[in-house]
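Visitor: A single structure is presented below for examination.
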Amino acid sequence: MFDFTDIIYYILLLSAIILSLIAPKDHFRGLIYLRILLIVGFCSELSVDLINSNYKAVHAPPSPIHYFYIPFEYIMLSVFLKKYLKVKLVKTLINFSFIIYVLVALYFSIFYYSFGKDYPGIIYNFGIGFLIIWSSLLLFNLEFNKKVKLIQLPIFWICTAIIILYSGVFFYNGVYNYLVDARTELAYKLRRNINLNLNFIFYILLCYSFICSIRHKKSAKSSTL
Amino acid sequence: MFNTSQEVSEVFYSVIGGVVLMIFLATIFILSIIRYQNKERKYHDEKKALNDKFSKTLLQSRLEIKEQTLQQIGYELHDNLGQVASLIKIHLNLLSFEDEDTAKQEVDNIKELTKQLIMDIKQLSISLNSERVVQLGISKGLEFEVEQLKKIKNFQIKLTKPSEFPDIDSNTTIILYRMIQEILNNTIKYSKAKRISIDVTKTEKKLTLVFNDDGIGFDLKNKLKEGGSGLINLNTRARLINADFKIKSKIDEGTTIIIEVQL
């Protein structure tokens, strides 16, 4: 049912969840959204794998769970990033994007994918585009304490993780459904090579961001002592 | 669709290559952001250091100006207001009502002296009050100072200035006005000049004030070697208001001081 890479994937995902729960809430704005996202992500991934456990991995059909999880992921990450953005116009744009995204996701889910025909690559890429923009804007406008370096900030690593994961996935998503139809095994091989490895990087960076916030709390505590 | 395993490999490596390229670009992008943020931080740190230095110098100059102002008050009270008040006291002591005409004459004198005393106090307060200086502006302030100097009558003083003056912020106005006062006071005290001229010119980018006298002049190098705190203070103040400060002086050939304020 699970191979070695799947086990590593779940270990990293679980580590991220545990570290997010240890990370101090008062030193990490919007942490609650990441916690919820990681827990829901874990449950949905596990559900998809369990549902598809009867199939041979290569021939596992796309799960309807993705049609709900992908918009949820976009909303959670956007709300989280919004907590750090200072520019009012960008905040308004993010709010506006929720409506557009949900409408686009609904339209494609019903009329294009019929909730399960294919993997919802278009819906995913639509959100990815927005998330990369919000993360980039946030990194450019990040205001931070002079005592802390940029690379010590949890939000820096989260934005980096988002940009790296999604810039890779964006390219691959475009050809995924085509390859599933044309060469299922090739599509599966690519998914294993790209999606899993990028997710490893994503969760490692996410774990590091939580470690940064834990360290930050400790140093703040020792400086007050 | 894909006929050979070579074509499959090509697609596989193309997609992998594309993804790697995208990640590479994303990494470059993130590194640029780090560089940008570091530069921003460095720029802000430098700006803050400059601002701190500026505030420190400004404060020091203000303290110096305050000290000079107190000295000026002391000087005015002793040499001017004190003298007039003493004269009033003398006239009051001499006042006798035995001869009505003489008494009337004495009262008139006392009235005149009191009027002068009130005028002097008023002018002194105008000259020392920074808010008043800002209200007056440099143009009116210069006119006021020249009018005061004309009363001394030991020398000729001439002011040439444009009809319209540029808007200058309050900090610059106060510092520039105090510089003008100091230059004129020094000229009266030390130059033994018979003729003093003040020429003000204005262009789009700068306001130029040229103070010229035909006095005894001085050796600039020697003056600076001796300490020349007055000249150094004037130069520091000029830098505070982003102005150029130049002095040309030779013994027995008078002195020319030029202040160029960038607008």
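Visitor: For a quick check of your reading of the model, give me the residue pairs whose first member lies in region B:92-115 and is over 21 Å from residue B:80 (Cα atoms), whose second is not aromatic (Phe, Trp, Tyr), with beta-carbon atoms closer than 6 Å and at least 6 apart or on different chains.
Guide: Listed by first residue and then by second, the contacts come to B:95/B:106; B:97/B:103.
Visitor: Right, something else. With B:139, B:191 as the choices, which residue is touching a Gly at 6+ places or on another chain (Cβ under 6 Å) and modelled with pLDDT of 80 or more?
Guide: Testing whether each residue is touching a Gly at 6+ places or on another chain (Cβ under 6 Å) and modelled with pLDDT of 80 or more leaves just B:191.
Visitor: Right, something else. Looking at region A:142-157 only, could you name the residues that are touching a helix residue (DSSP H, G or I) at 6+ places or on another chain (Cβ under 8 Å) and open to solvent by 30 Å² or more (accessible area, probe 1.4 Å)?
Guide: A:144, A:146, A:151, A:152, A:157
Visitor: Do we find a residue being part of a helix (DSSP H, G or I) and within 26 Å of residue B:36 (Cβ to Cβ) anywhere in region A:117-125?
Guide: Scanning region A:117-125 turns up no residue that is part of a helix (DSSP H, G or I) and within 26 Å of residue B:36 (Cβ to Cβ).
Visitor: Only one of (1) open to solvent by 10 Å² or more (accessible area, probe 1.4 Å); (2) small (Gly, Ala, Ser); (3) at pLDDT 85 or above is not met by residue A:135, so which one is it?
Guide: Checking residue A:135 against (1) open to solvent by 10 Å² or more (accessible area, probe 1.4 Å); (2) small (Gly, Ala, Ser); (3) at pLDDT 85 or above, the one that fails is (1).
Visitor: Can I ask one more? Mind checking whether some residue in region B:212-229 is touching a residue at least 40 places away in the same chain (Cβ under 8 Å) and closer than 27 Å to residue B:51 by Cβ?
Guide: No, region B:212-229 contains no residue that is touching a residue at least 40 places away in the same chain (Cβ under 8 Å) and closer than 27 Å to residue B:51 by Cβ.
Visitor: Provide a single number: the residues in region A:176-196 that are polar (S, T, N, Q) and more than 10 Å from chain B (Cβ to nearest Cβ).
Guide: 2
Visitor: Output the number of the condition that residue B:7 fails; it satisfies all remaining conditions of (1) away from every other protein chain (no Cβ under 14 Å); (2) within 30 Å of residue A:191 (Cα to Cα); (3) of a type in the set (Asp, Glu).
Guide: (1)
Conditions tested, residue by residue: (1) open to solvent by less than 90 Å² (accessible area, probe 1.4 Å); (2) in a helix (DSSP H, G or I); (3) under 30 Å from residue A:162 (Cα atoms).
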| site | (1), (2), (3) |
| --- | --- |
| B:41 | yes, yes, yes |
| B:52 | yes, yes, no |
| B:55 | yes, yes, no |
| B:59 | no, yes, no |
| B:68 | yes, yes, no |
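Visitor: Which residue is farthest from the other protein chains (Cβ to nearest Cβ), if the candidates are limited to region A:158-175 and must be closer than 30 Å to residue A:209 by Cβ and open to solvent by 40 Å² or more (accessible area, probe 1.4 Å)?
Guide: Taking the candidates together, the pick is A:174.
Visitor: Also, quick follow-up: Enumerate the pairs (first residue in region B:31-55 and within 16 Å of residue A:142 (Cα to Cα) and facing another protein chain (nearest Cβ under 10 Å); second residue anywhere and part of a helix (DSSP H, G or I) and among the aromatic types (Phe, Trp, Tyr)) with beta-carbon separation below 9 Å, excluding pairs fewer than 6 apart on the same chain, so at least 6 apart or on different chains.
Guide: B:33/A:140; B:33/A:156; B:34/A:156; B:36/A:140; B:37/A:140; B:37/A:156
Visitor: I'd like the full set of residues that are open to solvent by 80 Å² or more (accessible area, probe 1.4 Å) and at negative phi, limited to region B:233-261.
Guide: Scanning region B:233-261 gives B:239, B:246, B:248, B:250, B:251, B:253.
Visitor: Can you pull out the residues in region A:186-203 that are in contact (Cβ under 8 Å) with a residue 60 or more places away in the chain and more than 26 Å from residue B:6 (Cα to Cα)?
Guide: A:199, A:200, A:203
Visitor: For the condition open to solvent by 70 Å² or more (accessible area, probe 1.4 Å) and more than 30 Å from residue A:153 (Cα to Cα), what is the one hit in B:46, B:64, B:106, B:112?
Guide: B:112
Visitor: Let me confirm something: among A:72, A:130, A:98, which residue is buried (at least 19 other Cβ atoms within 10 Å of the Cβ), in a helix (DSSP H, G or I) and at pLDDT 90 or above?
Guide: After ruling out the rest, the residue left standing is A:130.
Visitor: Let me ask something else. Going by what's in this entry, would residue A:215 be described as more than 10 Å from chain B (Cβ to nearest Cβ), surrounded by fewer than 18 Cβ atoms within 10 Å (Cβ to Cβ), within 16 Å of residue B:18 (Cβ to Cβ) and of a type in the set (Lys, Arg)?
Guide: When the stated conditions are applied, residue A:215 does not pass them.
The values are calculated or read from the model by the stated rules, or taken from the named source; none is laboratory data. It should be emphasised that the depicted structure is a prediction, and the values quoted were computed from it without experimental measurement. Virtual Cβ from ideal backbone geometry, glycine too; neighbours counted across all protein chains shown. Surface areas here come from the heavy atoms of the whole protein model, side chains and all, with no ligands, DNA or RNA. Shrake-Rupley method; radii C 1.70, N 1.55, O 1.52, S 1.80 Å.
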